[in-house]
1. Of the conditions (1) among the hydroxyl-bearing types (Ser, Thr, Tyr); (2) surrounded by 12 or more Cβ atoms within 10 Å (Cβ to Cβ); (3) modelled with pLDDT under 80, THR125 satisfies every one except a single condition; which number is it?
2. For the stretch 19-65, enumerate the residues that are under 22 Å from the mean Cα position of the chain (by Cα) and of a type in the set (Ser, Thr, Tyr).
3. For the stretch 95-112, state whether one or more residues are more than 22 Å from SER156 (Cβ to Cβ), under 20 Å from the mean Cα position of the chain (by Cα) and modelled with pLDDT of 75 or more.
4. Quick one: how many residues across the stretch 38-65 are crowded, with 17+ Cβ neighbours inside 10 Å and of a type in the set (A, V, I, L, M, F, W, C)?
5. Hey, could you check the stretch 72-82 for residues that are in a helix (DSSP H, G or I) and touching a residue at least 12 places away in the same chain (Cβ under 8 Å) and say which is farthest from ALA22 (Cα to Cα)?
6. What pairs can you find where one residue is in the stretch 55-68 and farther than 16 Å from ALA38 by Cβ, the other is among the hydroxyl-bearing types (Ser, Thr, Tyr), and their Cβ atoms are less than 8 Å apart, with a gap of 6+ or different chains?
7. Mind checking which residues of the stretch 66-78 are out of contact with any helix residue (DSSP H, G or I) (no Cβ under 7 Å at 6 or more places or on another chain) and either β-branched (Val, Ile, Thr) or surrounded by 14 or more Cβ atoms within 10 Å (Cβ to Cβ) (or both)?
8. For the stretch 23-48, name all the residues that are farther than 18 Å from LEU133 by Cβ and part of a helix (DSSP H, G or I).
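The values are calculated or read from the model by the stated rules, or taken from the named source; none is laboratory data. Note that the structure is a prediction, hence the values are computed from the model and not measured. Cβ: placed from backbone, ideal geometry, glycine included. Neighbour counts: every protein chain shown. All accessible areas refer to the heavy atoms of the entire protein, side chains included, with ligands and DNA or RNA removed. Shrake-Rupley method; radii C 1.70, N 1.55, O 1.52, S 1.80 Å.
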Amino acid sequence: MTTAEAPLPTVAPAPVWARRTAHAIALCAVPSGLWRIAMASGVPVGYSEQVLRDVFDIPGWGVAYVVGLSVLAELAALFPLLLVSERRQPLRPRTLATLAWTASGVLVLLALWQLVVALTVESQTYLTGNTALTVWWLAFAPLFAIPALMTAVTWSYAQRHRRAREQAARTPRSPRQRGYAPPPPTDLLKERR
């Protein structure tokens, strides 16, 4: 057995809190997605018809953009489920951990940027009333929890895989598992001749 064929270290299953957190991330994207789909389908969400037409191009290509954005956001919100799944993963653990840490950092920056945009006067002028603004905040507020939740799930994933690597490093392996096969005994060579 070569090192490429050596079994991977056994990783502990994800803790319950990490599983619940990963599922919560997937659910955090649902309200804003439903709000966007309602906007694309013509339900009055607080924008005038002129703003929908001029700014968002609805009806028109804006419908595809808004629905596509909702689908893409939900697919991205399903990524943390990979980190708590016990099924075979598409990437190596270190690669997946690096990708998850990068996603966590990007999400923190994106949330801060969205918060700045949401609090500026420019972004509030398109909504027609306080009720529409309240509904908008209720739909998009769960998105601000995703960076912290994603960081917690990523930390759990990295810790579990780090412990498994350390345990595998401490476990003695046979020479054959290390990729070293001793030469055949010389007396066997003599018998063959």
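1. (2)
2. THR21, SER32, TYR65
3. Keep residues of the stretch 95-112 that are more than 22 Å from SER156 (Cβ to Cβ), which gives 112.
Retained after the next criterion (residues that are under 20 Å from the mean Cα position of the chain (by Cα)): 112.
Applying the additional criterion that residues be modelled with pLDDT of 75 or more yields 112.
Checked the stretch 95-112: at least one residue is more than 22 Å from SER156 (Cβ to Cβ), under 20 Å from the mean Cα position of the chain (by Cα) and modelled with pLDDT of 75 or more.
4. 7
5. Going residue by residue through the stretch 72-82, those that are in a helix (DSSP H, G or I) are 72-77, 80-82.
Filter once more, so that each one left must be touching a residue at least 12 places away in the same chain (Cβ under 8 Å): 73-74, 76-77, 80-82.
Values: ALA73: 15, GLU74: 13, ALA76: 12, ALA77: 9, PRO80: 5, LEU81: 6, LEU82: 9 Å.
Looking at the filtered set, the residue picked out is ALA73.
6. Taking only residues 6 or more apart or on different chains, the pairs are VAL55/TYR47; VAL55/TYR126; ASP57/TYR65.
7. Scanning the stretch 66-78 gives VAL71, ALA76.
8. Within the stretch 23-48, the subset farther than 18 Å from LEU133 by Cβ is 23-30, 33, 37, 40-42.
Across the stretch 23-48, the qualifying residues are HIS23, ALA24, ILE25, ALA26, LEU27, CYS28, VAL30, GLY33, ILE37, ALA40.
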